[in-house]
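Values quoted throughout were computed directly from the atomic coordinates according to the rules given, and no laboratory measurement underlies them. Because the structure is a prediction, the values reported are computed rather than measured. No Cβ is skipped: glycine too gets one built from the backbone with ideal geometry, and neighbour counts run over all protein chains shown.
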Amino acid sequence: MRIVDLINKKKHGESLTKAEIDYFISGYTKGEIPDYQISALLMAIYFKGMETREIADLTDAMVRSGDTVDLSRIEGIKVDKHSTGGVGDKISLIVIPLVASVGVPVAKMSGRGLGHTGGTIDKLESIEGFKVELSNEDFINNVNTYKMAIVGQSGNLTPADKKLYALRDVTGTIDSIPLIASSIMSKKIAAGTDAIVLDVKVGSGAFMKSLEDARELAKTMVEIGKSLHRKTVAVITNMDQPLGHEVGNANEIKEAIDVLSGKGAEDETEVALTIASYMAVLGGAFKNNEDARKHFEKIIASGEAIEILKKFVEIQGGNPEVIAHPERLPQASRHIEVKADLEGFVGGFDSEKVGISAMMLGAGRRKKEDSIDYAAGITIKKKLGDHVNLGDVLCVLHTNLEDVTEAERVVRSAFVISGHEPGAIKYIYEIIE
């Protein structure tokens with residue numbers, strides 16, 4: 001078998017066999033096939049696409065390229081969720097305690113933020129003492145005892161995906177749905193979960209900018225899950241504006257506390273309850289989403305949900321008192337109001353610019369090696385459809401930096417003030433089962 005034959009085959013739109021996919025993934029992971037030939041193959045895939053069976057085989061080959069997590073000692077159906085990345089996305093912080101409360105085990109591996117999107121691990125590390133590195137024994141014990149645990153991604157999971165992603169980044173082949181779908185699903189499957197709920201973001205702050213592309217990605221990932229014997233549901237959600245009001249790390253923890261206390265913003269509450277409900281159904285706790293949702297609304301109203309969040313923090317070494325007293329979270333020294341210079345309605349948002357501005361304030365990373373300031377971030381005061389008077393505060397920047405002129409300019413340009421009130425805003429576009 002020769003890699004040039006695979007390039008020519010895919011160049012002419014033919015399907016690759018499982019053996020051929022195994023060959024190029026194994027050869028590239030081991031360094032036996034050079035970058036320039038894999039680059040050519042990736043570009044052929046970009047233009048010619050892949051069939052569902054090919055994408056499932058590619059995903060499986062990437063899973064087998066490294067270690068996999070054995071969760072067989074955890075009782076019950078292990079359910080995970082994954083977001084394709086957005087701005088102000090703190091949904092994992094909300095759904096983990098909710099789903100655990102109904103006895104469905106959530107054994108989650110999560111990542112750090114890069115660029116304009118935040119990472120769940122970074123947010124949790126803003127809590128005093130919270131440990132994202134657990135021994136395998138502690139991780140499994142926490143899930144079996146409390147039905148919840150989260151750790152940072154580590155080890156030798158999907159090394160083929162890491163190499164391919166780096167190559168895609170410099171060859172213009174990032175935005176290929178077969179390659180995106182196999183990348184996401186390979187990591188989820190290698191992490192050992194039984195069922196997956198995918199939060200596929202679409203809009204100005206998401207990787208997928210159009211509903212058509214988001215739908216294709218969601219359907220592709222659900223088909224991969226089906227082919228590889230994982231129950232999979234995709235929820236397509238709106239990322240045309242930041243989720244909730246807070247963008248950052250410590251301030252997003254505070255907002256997750258608000259949601260679990262029944263005081264959260266409408267958009268993030270709707271998305272969180274929908275995803276938690278599907279997780280609970282996949283985990284066997286409920287027969288339908290309506291019953292699951294009613295239960296979650298009830299435990300939020302009763303105060304039980306916030307107590308479970310405290311327990312989640314405590315079992316991972318964090319100070320649970322921070323949940324009762326969020327003012328103990330890291331606080332920035334400077335708070336700069338960005339005021340409107342036009343009157344009208346917030347008719348549009350460039351959410352990506354909000355994420356970039358937060359990164360510039362210290363809340364995110366330009367590259368993986370950068371450190372972050374947990375106190376930095378942005379509070380959104382005006383969202384889509386809100387009326388704006390001249391001089392109204394659009395958002396507040398939180399930072400410990402002295403010069404934030406550029407961050408302020410970027411975030412101001414994210415708000416589109418219009419003379420017309422926009423129509424109704426959908427938070428969830430579609431569910432693909």
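What percent does the relative contact order of the range 113-221 come to when contacts are Cα pairs within less than 8 Å and at least six residues apart?
Reported relative contact order: 17 percent.
Given H placed on each backbone N at 1.01 Å, which residues far from Gly155 in sequence or on other chains put an amide H within less than 5 Å of it?
none
Within straight cross-link reach of Lys294, meaning Cα distance under 27 Å, which lysines are found once same-chain residues fewer than 8 apart are removed?
Lys78, Lys81, Lys90, Lys108, Lys147, Lys201, Lys231, Lys254, Lys263, Lys310, Lys311, Lys426
Length gain on complete extension for the stretch Glu406 to His229, per 0.36 nm per residue less the alpha carbon to alpha carbon distance?
Going from the current span to full extension adds 58.9 nm.
Could you please state, rounded to a whole Å, how far the C-alpha centre of the range 91-113 is from the C-alpha centre of the range 189-244?
Taking the Cα centre of each part, the range 91-113 and the range 189-244 sit 17 Å apart.
Which residue fluctuates the most in the chain, going by a Gaussian network model with Cα springs under 10 Å, if the choices are Gly244, Gly355, Gly66?
For the chain, modelled as a Gaussian network with Cα springs under 10 Å, the answer is Gly66.
Mind checking the dipole of the chain: about its Cα centre, +1 per Lys or Arg Cβ, -1 per Asp or Glu Cβ, Debye to the nearest 20?
Approximately 880 debye in magnitude.
Using a ≥ b ≥ c from the Cα gyration tensor of the range 285-433 (square roots of the eigenvalues), is it rounded, prolate or oblate, where a/c under 1.5 gives rounded and otherwise the larger of a/b and b/c decides, a/b for prolate?
oblate
Counting alpha carbon pairs within less than 8 Å and at least 6 residues apart, what relative contact order, in whole percent, applies to the chain?
In percent, rounded to a whole number, it is 19.
So if I take the centroid of the Cα atoms in the range 150-184 and the same for the range 362-393, what is the distance between those two points in Å?
28 Å
Name the residue, out of Asn319, Asn251, Asn389, whose mean-square fluctuation peaks in a Gaussian network model built on the chain with Cα pairs under 10 Å.
Asn389
So how tilted is helix 52-63 from the main axis of the chain? Cα-based, degrees 0 to 90, rounded to 10.
Relative to the chain, helix 52-63 is tipped by roughly 80 degrees.
With just the Cα atoms defining each centre, how far is the range 255-297 from the range 336-352? Give it in Å.
The two parts, judged by their Cα centres, are 30 Å apart.
To the nearest 10 degrees, how steeply does helix 289-302 sit against the main Cα axis of the chain, on a 0 to 90 scale?
Its long axis makes an angle of about 40 degrees.
For Ile33, which sequence-distant residues (separation of 5 or more, or a different chain) have an amide H within less than 5 Å of its own amide H, given hydrogens modelled in the peptide plane?
Tyr28
Angle, helix 177-190 long axis vs. longest principal axis of the chain, Cα atoms, 0 to 90°, nearest 10?
Computed tilt is about 80 degrees.
Identify all lysines with a Cα-Cα distance to Lys11 below 17 Å; exclude those on the same chain that are fewer than 8 residues away in sequence.
The qualifying lysines are Lys48.
Just grab the label-to-label distance for Ala301 and Lys263, each label 7 Å out from Cα along the Cβ direction, in nm (one decimal).
Placing both labels 7 Å beyond Cα along the Cβ direction yields 1.9 nm.
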